[in-house]
Amino acid sequence: GTTGKPKGVVISHANYTSGAIPRAEAVGYKPHSRVLDFASYAFDVCIDCMLCTLSVGGRLCIPSDADRMNDLSGTIRKMNVNMAHMTPSVARVLEPDIIPSLEVLGLGGEAISAGDSAIWSKTTKVVNAYGPSECTVGCTVNSDVGAESHKSQISIGRGVGAATWIVEQTDHEHLVPIGAVGELLIEGPVVGPGYLGEPEKTAEVFVNDPRWLVAGSPTHSGRKGRLYKTGDLVRYDVDGTILFVGRADQQVKLRGQRIELAEIEYNMRDKLPPGTRIAIEVIKPGGPSAEPTLVAFISERAGLVSDTQPLLGSHSAQVQDALANINSLLSKDLPIYMIPAVYIPLQVMPLLVSAKTDRKRLRELGSSLNRKDIAVYAAAATPRREPSTPMEIKLAETWSKVLGTEIDLSAHDNFFPLGGE
(Lines give C-alpha, C1' and ligand atoms only; values in the text may rest on other atoms or scores of the structure.)
Protein backbone atom coordinates (compact mmCIF):
# COMPACT_ATOMS: atom_id res chain seq x y z
CA GLY A 1 0.00 0.00 0.00
CA THR A 2 0.90 3.70 -0.18
CA THR A 3 1.87 3.68 3.51
CA GLY A 4 4.49 1.02 2.88
CA LYS A 5 2.55 -1.56 4.88
CA PRO A 6 1.28 -4.54 2.84
CA LYS A 7 -2.47 -5.09 2.71
CA GLY A 8 -4.18 -8.26 1.54
CA VAL A 9 -7.15 -7.33 -0.66
CA VAL A 10 -9.55 -10.23 -1.29
CA ILE A 11 -10.99 -10.31 -4.81
CA SER A 12 -13.23 -13.13 -6.03
CA HIS A 13 -13.45 -14.53 -9.54
CA ALA A 14 -16.97 -13.05 -9.73
CA ASN A 15 -15.65 -9.60 -8.74
CA TYR A 16 -13.06 -9.72 -11.49
CA THR A 17 -15.12 -11.10 -14.35
CA SER A 18 -18.04 -8.74 -13.69
CA GLY A 19 -15.76 -5.75 -14.17
CA ALA A 20 -13.32 -7.13 -16.74
CA ILE A 21 -15.91 -7.66 -19.48
CA PRO A 22 -17.22 -4.06 -19.66
CA ARG A 23 -13.72 -2.70 -18.93
CA ALA A 24 -12.16 -4.64 -21.84
CA GLU A 25 -14.78 -3.19 -24.17
CA ALA A 26 -14.31 0.37 -22.88
CA VAL A 27 -10.51 0.24 -23.12
CA GLY A 28 -10.54 -1.35 -26.57
CA TYR A 29 -9.21 -4.92 -26.27
CA LYS A 30 -9.83 -6.79 -29.56
CA PRO A 31 -9.08 -10.28 -30.95
CA HIS A 32 -6.23 -8.75 -33.01
CA SER A 33 -4.76 -6.85 -30.03
CA ARG A 34 -1.04 -7.37 -29.41
CA VAL A 35 -0.68 -6.08 -25.85
CA LEU A 36 2.67 -5.21 -24.27
CA ASP A 37 3.18 -6.93 -20.91
CA PHE A 38 4.84 -3.86 -19.39
CA ALA A 39 3.15 -3.12 -16.05
CA SER A 40 4.94 -4.23 -12.88
CA TYR A 41 3.60 -7.51 -11.48
CA ALA A 42 3.23 -5.66 -8.15
CA PHE A 43 0.69 -3.35 -9.86
CA ASP A 44 -2.78 -4.81 -10.45
CA VAL A 45 -2.99 -3.34 -13.97
CA CYS A 46 -0.83 -6.29 -15.03
CA ILE A 47 -3.81 -8.58 -14.33
CA ASP A 48 -5.94 -6.79 -16.92
CA CYS A 49 -3.07 -6.80 -19.41
CA MET A 50 -2.99 -10.58 -19.14
CA LEU A 51 -6.62 -11.62 -18.62
CA CYS A 52 -8.45 -9.00 -20.69
CA THR A 53 -6.10 -9.72 -23.59
CA LEU A 54 -6.59 -13.47 -23.42
CA SER A 55 -10.35 -13.23 -22.80
CA VAL A 56 -10.91 -11.52 -26.18
CA GLY A 57 -8.47 -13.78 -28.04
CA GLY A 58 -5.63 -11.27 -28.23
CA ARG A 59 -1.91 -11.90 -27.89
CA LEU A 60 0.26 -10.92 -24.90
CA CYS A 61 3.73 -9.71 -25.87
CA ILE A 62 6.19 -10.40 -23.03
CA PRO A 63 9.56 -8.61 -23.34
CA SER A 64 12.73 -9.65 -21.54
CA ASP A 65 13.69 -7.60 -18.49
CA ALA A 66 16.63 -6.16 -20.44
CA ASP A 67 14.45 -5.04 -23.36
CA ARG A 68 11.78 -3.72 -21.02
CA MET A 69 14.26 -1.49 -19.20
CA ASN A 70 16.73 -0.57 -21.96
CA ASP A 71 14.99 -0.75 -25.34
CA LEU A 72 11.27 -0.19 -24.89
CA SER A 73 10.77 1.51 -28.26
CA GLY A 74 12.70 -1.20 -30.09
CA THR A 75 10.74 -3.89 -28.28
CA ILE A 76 7.39 -2.38 -29.31
CA ARG A 77 8.57 -2.34 -32.95
CA LYS A 78 10.06 -5.83 -32.89
CA MET A 79 6.98 -7.43 -31.30
CA ASN A 80 4.48 -5.46 -33.44
CA VAL A 81 2.72 -4.22 -30.29
CA ASN A 82 -0.48 -2.28 -30.98
CA MET A 83 -1.69 -1.73 -27.38
CA ALA A 84 0.34 -0.61 -24.38
CA HIS A 85 -0.38 0.62 -20.86
CA MET A 86 2.06 2.95 -19.08
CA THR A 87 2.41 6.25 -17.26
CA PRO A 88 2.54 9.52 -19.25
CA SER A 89 6.16 9.99 -18.11
CA VAL A 90 7.16 6.73 -19.82
CA ALA A 91 5.13 7.56 -22.93
CA ARG A 92 6.99 10.85 -23.32
CA VAL A 93 10.38 9.13 -23.68
CA LEU A 94 9.25 6.75 -26.44
CA GLU A 95 10.73 7.40 -29.86
CA PRO A 96 8.56 9.61 -32.13
CA ASP A 97 7.24 6.80 -34.36
CA ILE A 98 6.06 4.56 -31.52
CA ILE A 99 2.82 6.12 -30.31
CA PRO A 100 1.40 6.54 -33.85
CA SER A 101 2.04 2.80 -34.34
CA LEU A 102 -0.27 1.94 -31.42
CA GLU A 103 -4.02 1.52 -31.78
CA VAL A 104 -4.57 2.00 -28.04
CA LEU A 105 -2.41 3.78 -25.45
CA GLY A 106 -3.66 3.22 -21.91
CA LEU A 107 -2.44 5.77 -19.39
CA GLY A 108 -2.65 5.86 -15.61
CA GLY A 109 -0.74 6.42 -12.40
CA GLU A 110 -0.30 10.16 -12.89
CA ALA A 111 -2.04 13.18 -14.36
CA ILE A 112 -2.26 13.46 -18.16
CA SER A 113 -1.52 16.89 -19.58
CA ALA A 114 -3.87 18.35 -22.17
CA GLY A 115 -0.86 19.03 -24.42
CA ASP A 116 0.25 15.41 -24.43
CA SER A 117 -3.27 14.12 -25.00
CA ALA A 118 -3.78 16.49 -27.94
CA ILE A 119 -0.63 15.20 -29.67
CA TRP A 120 -0.98 11.49 -28.88
CA SER A 121 -4.70 11.25 -29.68
CA LYS A 122 -4.21 12.47 -33.27
CA THR A 123 -3.23 8.96 -34.34
CA THR A 124 -4.02 6.73 -31.36
CA LYS A 125 -6.95 5.99 -29.08
CA VAL A 126 -5.76 7.31 -25.71
CA VAL A 127 -7.50 5.87 -22.64
CA ASN A 128 -7.31 6.94 -19.00
CA ALA A 129 -8.48 4.51 -16.31
CA TYR A 130 -8.81 4.61 -12.53
CA GLY A 131 -9.48 2.02 -9.86
CA PRO A 132 -8.32 0.99 -6.39
CA SER A 133 -7.30 -2.64 -5.80
CA GLU A 134 -10.33 -3.04 -3.53
CA CYS A 135 -12.56 -2.56 -6.58
CA THR A 136 -10.89 -5.00 -8.94
CA VAL A 137 -8.25 -3.20 -11.00
CA GLY A 138 -10.43 -0.51 -12.57
CA CYS A 139 -13.87 0.96 -12.11
CA THR A 140 -13.85 4.15 -14.21
CA VAL A 141 -12.61 4.62 -17.77
CA ASN A 142 -12.16 7.67 -19.97
CA SER A 143 -12.32 6.01 -23.40
CA ASP A 144 -11.60 9.15 -25.41
CA VAL A 145 -8.96 11.31 -23.79
CA GLY A 146 -8.47 13.20 -27.07
CA ALA A 147 -11.98 14.67 -26.81
CA GLU A 148 -10.90 16.45 -23.60
CA SER A 149 -7.69 18.02 -24.96
CA HIS A 150 -9.29 21.45 -24.70
CA LYS A 151 -9.76 21.05 -20.93
CA SER A 152 -7.28 22.13 -18.28
CA GLN A 153 -7.59 18.67 -16.65
CA ILE A 154 -8.21 15.26 -18.18
CA SER A 155 -10.94 13.30 -16.39
CA ILE A 156 -10.89 9.69 -15.17
CA GLY A 157 -14.13 9.15 -17.10
CA ARG A 158 -17.27 7.45 -15.86
CA GLY A 159 -18.04 4.30 -13.93
CA VAL A 160 -17.53 1.06 -15.88
CA GLY A 161 -18.97 -2.06 -14.29
CA ALA A 162 -19.73 0.07 -11.24
CA ALA A 163 -21.79 3.02 -10.00
CA THR A 164 -19.94 6.07 -8.68
CA TRP A 165 -21.08 8.39 -5.90
CA ILE A 166 -19.52 11.49 -4.36
CA VAL A 167 -20.16 12.13 -0.65
CA GLU A 168 -19.03 14.55 2.03
CA GLN A 169 -15.46 13.93 3.13
CA THR A 170 -16.39 13.50 6.76
CA ASP A 171 -19.80 11.84 6.41
CA HIS A 172 -20.65 9.23 3.78
CA GLU A 173 -24.34 9.52 4.69
CA HIS A 174 -24.58 12.79 2.72
CA LEU A 175 -24.06 13.32 -1.02
CA VAL A 176 -22.37 16.53 -2.16
CA PRO A 177 -23.87 18.91 -4.76
CA ILE A 178 -22.85 18.43 -8.40
CA GLY A 179 -19.47 20.12 -8.94
CA ALA A 180 -18.46 20.09 -5.27
CA VAL A 181 -15.39 18.18 -4.10
CA GLY A 182 -16.08 15.05 -2.06
CA GLU A 183 -14.96 11.48 -1.47
CA LEU A 184 -15.54 8.96 -4.24
CA LEU A 185 -17.56 5.84 -3.33
CA ILE A 186 -17.80 2.79 -5.59
CA GLU A 187 -20.84 0.50 -5.72
CA GLY A 188 -21.38 -2.70 -7.66
CA PRO A 189 -20.15 -6.26 -8.18
CA VAL A 190 -16.54 -5.08 -8.59
CA VAL A 191 -16.42 -4.18 -4.88
CA GLY A 192 -14.42 -6.92 -3.16
CA PRO A 193 -15.16 -8.65 0.17
CA GLY A 194 -12.52 -6.64 2.07
CA TYR A 195 -9.09 -7.13 3.62
CA LEU A 196 -7.70 -10.55 4.43
CA GLY A 197 -7.92 -11.24 8.15
CA GLU A 198 -8.69 -7.60 9.02
CA PRO A 199 -12.41 -7.25 9.82
CA GLU A 200 -12.00 -3.93 11.64
CA LYS A 201 -10.12 -2.32 8.76
CA THR A 202 -12.70 -3.73 6.35
CA ALA A 203 -15.57 -2.22 8.36
CA GLU A 204 -13.93 1.23 8.23
CA VAL A 205 -14.05 1.58 4.45
CA PHE A 206 -16.67 -0.92 3.19
CA VAL A 207 -20.09 0.45 4.08
CA ASN A 208 -23.64 -0.85 3.67
CA ASP A 209 -26.94 0.84 2.85
CA PRO A 210 -26.24 4.58 3.22
CA ARG A 211 -29.46 6.52 3.84
CA TRP A 212 -29.48 8.31 0.48
CA LEU A 213 -29.15 5.02 -1.43
CA VAL A 214 -32.00 3.37 0.49
CA ALA A 215 -34.21 6.48 0.17
CA GLY A 216 -33.77 6.77 -3.60
CA SER A 217 -34.95 9.84 -5.54
CA PRO A 218 -38.09 11.04 -7.38
CA THR A 219 -36.87 9.29 -10.54
CA HIS A 220 -35.10 6.23 -9.07
CA SER A 221 -36.37 3.85 -6.42
CA GLY A 222 -34.21 3.20 -3.38
CA ARG A 223 -32.16 0.05 -2.87
CA LYS A 224 -29.68 -1.49 -0.52
CA GLY A 225 -26.04 -1.76 -1.48
CA ARG A 226 -22.43 -2.24 -0.41
CA LEU A 227 -19.94 0.48 -1.25
CA TYR A 228 -16.21 1.10 -0.93
CA LYS A 229 -14.89 4.42 0.38
CA THR A 230 -11.90 5.10 -1.85
CA GLY A 231 -10.35 7.91 0.20
CA ASP A 232 -9.94 9.83 -3.07
CA LEU A 233 -11.28 13.35 -3.51
CA VAL A 234 -13.05 14.01 -6.80
CA ARG A 235 -15.72 16.18 -8.36
CA TYR A 236 -18.06 15.93 -11.32
CA ASP A 237 -17.25 17.97 -14.40
CA VAL A 238 -20.05 19.69 -16.35
CA ASP A 239 -20.37 16.70 -18.70
CA GLY A 240 -20.75 14.17 -15.88
CA THR A 241 -17.20 12.82 -16.05
CA ILE A 242 -15.14 12.62 -12.86
CA LEU A 243 -12.15 14.85 -12.13
CA PHE A 244 -9.57 13.52 -9.70
CA VAL A 245 -8.53 16.08 -7.05
CA GLY A 246 -6.34 14.14 -4.60
CA ARG A 247 -6.28 11.95 -1.51
CA ALA A 248 -8.60 12.66 1.43
CA ASP A 249 -5.89 11.57 3.87
CA GLN A 250 -3.56 14.30 2.61
CA GLN A 251 -4.87 16.65 5.28
CA VAL A 252 -2.50 18.10 7.87
CA LYS A 253 -2.42 20.78 10.53
CA LEU A 254 0.22 23.51 10.41
CA ARG A 255 0.36 26.26 13.04
CA GLY A 256 -3.22 25.45 14.03
CA GLN A 257 -4.59 25.67 10.48
CA ARG A 258 -6.02 22.64 8.71
CA ILE A 259 -4.42 22.27 5.28
CA GLU A 260 -5.66 20.17 2.34
CA LEU A 261 -2.53 19.08 0.46
CA ALA A 262 -4.61 17.76 -2.45
CA GLU A 263 -6.38 21.10 -2.86
CA ILE A 264 -3.04 22.89 -3.17
CA GLU A 265 -1.81 20.41 -5.79
CA TYR A 266 -5.09 20.75 -7.67
CA ASN A 267 -4.81 24.54 -7.82
CA MET A 268 -1.14 24.44 -8.87
CA ARG A 269 -1.58 22.10 -11.85
CA ASP A 270 -2.89 24.64 -14.36
CA LYS A 271 -0.32 27.24 -13.31
CA LEU A 272 2.72 25.15 -14.24
CA PRO A 273 3.79 23.69 -17.62
CA PRO A 274 1.78 20.64 -18.79
CA GLY A 275 3.07 17.36 -17.42
CA THR A 276 4.77 18.90 -14.39
CA ARG A 277 4.61 16.58 -11.36
CA ILE A 278 3.69 18.26 -8.06
CA ALA A 279 3.73 16.90 -4.52
CA ILE A 280 2.83 19.13 -1.58
CA GLU A 281 4.23 18.02 1.77
CA VAL A 282 4.93 19.34 5.25
CA ILE A 283 8.61 18.73 5.97
CA LYS A 284 10.83 19.35 8.98
CA PRO A 285 14.16 20.66 7.67
CA GLY A 286 16.88 19.61 10.07
CA GLY A 287 15.06 16.68 11.65
CA PRO A 288 11.92 15.65 13.59
CA SER A 289 12.21 18.43 16.19
CA ALA A 290 12.47 21.22 13.59
CA GLU A 291 9.73 23.69 12.73
CA PRO A 292 7.39 22.19 10.05
CA THR A 293 7.33 23.90 6.66
CA LEU A 294 4.85 23.61 3.78
CA VAL A 295 6.74 22.95 0.55
CA ALA A 296 6.07 21.93 -3.05
CA PHE A 297 8.27 19.30 -4.66
CA ILE A 298 8.33 19.82 -8.43
CA SER A 299 9.67 17.67 -11.25
CA GLU A 300 9.13 17.33 -14.97
CA ARG A 301 9.46 13.56 -14.89
CA ALA A 302 8.65 10.68 -12.54
CA GLY A 303 9.79 7.12 -12.03
CA LEU A 304 11.06 4.40 -9.71
CA VAL A 305 14.34 5.40 -8.07
CA SER A 306 16.85 3.57 -5.90
CA ASP A 307 17.45 4.54 -2.29
CA THR A 308 20.86 5.95 -3.24
CA GLN A 309 19.78 7.90 -6.32
CA PRO A 310 19.99 11.67 -5.75
CA LEU A 311 16.67 13.47 -6.15
CA LEU A 312 17.43 17.18 -5.87
CA GLY A 313 17.74 19.02 -9.16
CA SER A 314 17.05 22.43 -10.67
CA HIS A 315 14.02 24.06 -12.30
CA SER A 316 13.88 24.32 -16.08
CA ALA A 317 13.57 27.80 -17.53
CA GLN A 318 9.91 27.12 -18.32
CA VAL A 319 9.09 26.09 -14.76
CA GLN A 320 11.16 28.96 -13.34
CA ASP A 321 9.14 31.46 -15.39
CA ALA A 322 5.87 29.92 -14.15
CA LEU A 323 7.03 30.09 -10.52
CA ALA A 324 7.82 33.80 -10.76
CA ASN A 325 4.15 34.73 -10.30
CA ILE A 326 2.72 31.57 -8.80
CA ASN A 327 2.26 32.91 -5.26
CA SER A 328 0.11 35.81 -6.45
CA LEU A 329 -1.92 33.45 -8.66
CA LEU A 330 -2.42 30.92 -5.88
CA SER A 331 -3.51 33.64 -3.46
CA LYS A 332 -6.61 34.16 -5.63
CA ASP A 333 -7.72 30.57 -4.97
CA LEU A 334 -6.17 29.67 -1.60
CA PRO A 335 -5.72 31.25 1.83
CA ILE A 336 -2.21 32.50 2.53
CA TYR A 337 -1.42 29.65 4.94
CA MET A 338 -1.99 27.12 2.10
CA ILE A 339 0.60 28.69 -0.22
CA PRO A 340 3.90 26.74 -0.21
CA ALA A 341 6.82 28.48 1.44
CA VAL A 342 9.29 27.08 -1.08
CA TYR A 343 9.34 25.14 -4.35
CA ILE A 344 11.96 22.38 -4.34
CA PRO A 345 13.15 21.09 -7.74
CA LEU A 346 13.67 17.36 -8.24
CA GLN A 347 15.47 15.47 -10.98
CA VAL A 348 12.69 12.89 -10.83
CA MET A 349 9.53 12.51 -8.75
CA PRO A 350 9.95 9.22 -6.87
CA LEU A 351 7.18 6.68 -7.42
CA LEU A 352 6.11 3.48 -5.72
CA VAL A 353 5.59 0.35 -7.81
CA SER A 354 1.88 1.28 -7.81
CA ALA A 355 2.87 4.47 -9.73
CA LYS A 356 1.79 6.64 -6.79
CA THR A 357 4.12 9.33 -5.46
CA ASP A 358 6.53 8.05 -2.80
CA ARG A 359 5.66 10.66 -0.18
CA LYS A 360 7.65 8.96 2.56
CA ARG A 361 10.80 9.39 0.45
CA LEU A 362 9.97 13.08 -0.04
CA ARG A 363 9.51 13.66 3.71
CA GLU A 364 12.82 11.93 4.37
CA LEU A 365 14.46 14.19 1.79
CA GLY A 366 12.90 17.23 3.48
CA SER A 367 14.32 16.19 6.86
CA SER A 368 17.79 15.92 5.32
CA LEU A 369 17.71 19.60 4.31
CA ASN A 370 18.52 22.46 6.67
CA ARG A 371 17.17 25.99 6.95
CA LYS A 372 19.98 27.37 4.82
CA ASP A 373 19.05 24.92 2.03
CA ILE A 374 15.43 26.07 2.28
CA ALA A 375 16.52 29.71 2.11
CA VAL A 376 18.55 28.98 -1.03
CA TYR A 377 15.58 27.34 -2.79
CA ALA A 378 13.29 30.16 -1.69
CA ALA A 379 15.72 32.75 -3.05
CA ALA A 380 16.05 30.91 -6.36
CA ALA A 381 12.31 31.07 -6.96
CA THR A 382 11.95 34.82 -6.46
CA PRO A 383 13.86 37.94 -7.61
CA ARG A 384 16.53 38.79 -5.05
CA ARG A 385 16.77 42.29 -3.54
CA GLU A 386 18.90 43.35 -0.60
CA PRO A 387 17.07 45.05 2.31
CA SER A 388 17.20 48.79 1.60
CA THR A 389 14.60 50.74 3.56
CA PRO A 390 15.17 51.43 7.28
CA MET A 391 12.33 49.06 8.16
CA GLU A 392 13.73 46.26 5.93
CA ILE A 393 17.22 46.68 7.37
CA LYS A 394 15.90 46.60 10.94
CA LEU A 395 13.80 43.48 10.23
CA ALA A 396 16.77 41.77 8.57
CA GLU A 397 18.94 42.45 11.63
CA THR A 398 16.24 41.11 13.97
CA TRP A 399 15.61 38.04 11.82
CA SER A 400 19.34 37.28 11.67
CA LYS A 401 19.52 37.25 15.47
CA VAL A 402 16.52 34.92 15.71
CA LEU A 403 17.29 32.66 12.77
CA GLY A 404 21.06 32.55 12.73
CA THR A 405 23.60 34.80 11.06
CA GLU A 406 24.55 32.14 8.48
CA ILE A 407 21.34 32.92 6.54
CA ASP A 408 21.78 35.62 3.89
CA LEU A 409 18.47 37.47 3.94
CA SER A 410 16.66 39.07 1.01
CA ALA A 411 13.94 41.68 1.15
CA HIS A 412 11.59 39.10 -0.40
CA ASP A 413 12.22 36.37 2.19
CA ASN A 414 9.44 34.86 4.29
CA PHE A 415 10.06 34.55 8.03
CA PHE A 416 8.27 31.21 8.56
CA PRO A 417 9.99 28.91 6.01
CA LEU A 418 13.35 30.16 7.24
CA GLY A 419 12.59 28.78 10.72
CA GLY A 420 10.56 31.52 12.37
CA GLU A 421 7.72 30.72 14.72
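The values are calculated or read from the model by the stated rules, or taken from the named source; none is laboratory data. This structure is a prediction, so every number in the text was calculated from the model and none was measured. Cβ sites come from the backbone with ideal geometry, for glycine too, and all protein chains shown count toward neighbours.
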Positions within the range 167-197 being within 15 Å of Arg235 (Cβ to Cβ) and either charged (D, E, K, R) or in the same structural domain as Glu25 (by TED's automatic domain parsing) (or both), in sequence order:
Glu168, Glu183
Which one of these is at pLDDT 85 or above, on the phi < 0 side of the Ramachandran plot and outside any loop (DSSP other than H, G, I, E, B): Ala262, Ala296?
Ala296
For Arg255, are the conditions met, namely being within 28 Å of Pro132 (Cα to Cα) and touching a residue at least 40 places away in the same chain (Cβ under 8 Å)?
no
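Each row is one residue, and each column tells you yes or no for (1) modelled with pLDDT of 80 or more; (2) within 30 Å of Val45 (Cβ to Cβ); (3) outside any helix (DSSP H, G or I).
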site: Leu334; (1), (2), (3): yes, no, yes
site: Pro340; (1), (2), (3): yes, no, yes
site: Tyr343; (1), (2), (3): yes, no, yes
site: Leu365; (1), (2), (3): yes, yes, no
site: Asp373; (1), (2), (3): yes, no, no
site: Ser388; (1), (2), (3): no, no, yes
site: Glu397; (1), (2), (3): no, no, no
site: Leu409; (1), (2), (3): no, no, yes
Please specify each residue of the range 16-73 satisfying the condition of being part of a helix (DSSP H, G or I), within 26 Å of Arg92 (Cβ to Cβ) and β-branched (Val, Ile, Thr).
Val27, Val45, Ile47, Thr53
Residue in the range 278-286 that is assigned to a loop (DSSP other than H, G, I, E, B), farther than 27 Å from Asn325 by Cα and modelled with pLDDT under 95 present
yes
Has the range 2-12 got any residue that is closer than 18 Å to Gly108 by Cα and either of a type in the set (Asp, Glu) or modelled with pLDDT of 95 or more (or both)?
no
Give me the pairs, please: first residue somewhere in the range 220-231 and at pLDDT 95 or above and among the small types (Gly, Ala, Ser), second residue anywhere and surrounded by fewer than 18 Cβ atoms within 10 Å (Cβ to Cβ) and assigned to a strand (DSSP E or B), beta-carbon distance under 9 Å, and either six or more positions apart or on two chains.
Gly225/Ala163; Gly225/Asn208
Looking at the range 224-235 only, could you name the residues that are surrounded by 11 or more Cβ atoms within 10 Å (Cβ to Cβ) and out of contact with any Ser or Thr (no Cβ under 9 Å at 6 or more places or on another chain)?
Gly225, Arg226, Leu227, Tyr228, Lys229, Thr230, Gly231, Asp232, Leu233, Arg235
From Ile154, Ile178, residue being within 24 Å of the chain's Cα centre (by Cα), in a loop (DSSP other than H, G, I, E, B) and more than 23 Å from Gly106 (Cβ to Cβ):
Ile178
Which numbered condition Gly115 fails, given (1) surrounded by fewer than 21 Cβ atoms within 10 Å (Cβ to Cβ); (2) more than 22 Å from Arg34 (Cβ to Cβ); (3) touching a strand residue (DSSP E or B) at 6+ places or on another chain (Cβ under 7 Å); (4) not aliphatic (A, V, I, L, M):
(3)
Positions within the range 69-90 being in contact with a helix residue (DSSP H, G or I) (Cβ under 7 Å, 6 or more places away or on another chain) and at pLDDT below 90, in sequence order
Pro88
Could you tell me which of the residues Ala341, Ala317, Ala279 is more than 22 Å from the chain's Cα centre (by Cα), hydrophobic (A, V, I, L, M, F, W, C) and not assigned by TED's automatic domain parsing to the domain that holds Ile112?
Ala317
Kindly indicate whether Leu352 is of a type outside the set (S, T, N, Q) and either assigned by TED's automatic domain parsing to the domain that holds Ala111 or touching an Asp or Glu at 6+ places or on another chain (Cβ under 9 Å) (or both).
yes
Among Gln309, Gln318, which is in a helix (DSSP H, G or I), closer than 22 Å to Glu110 by Cα and out of contact with any Leu (no Cβ under 8 Å at 6 or more places or on another chain)?
Gln318
Which one is surrounded by the most Cβ atoms within 10 Å (Cβ to Cβ) among residues in the range 162-202 that are at pLDDT below 95 and on the phi > 0 side of the Ramachandran plot?
Gly179
Residue list for the range 255-268, filter: surrounded by 15 or more Cβ atoms within 10 Å (Cβ to Cβ) and either farther than 17 Å from Glu183 by Cα or of a type in the set (Ser, Thr, Tyr) (or both):
Tyr266, Asn267, Met268
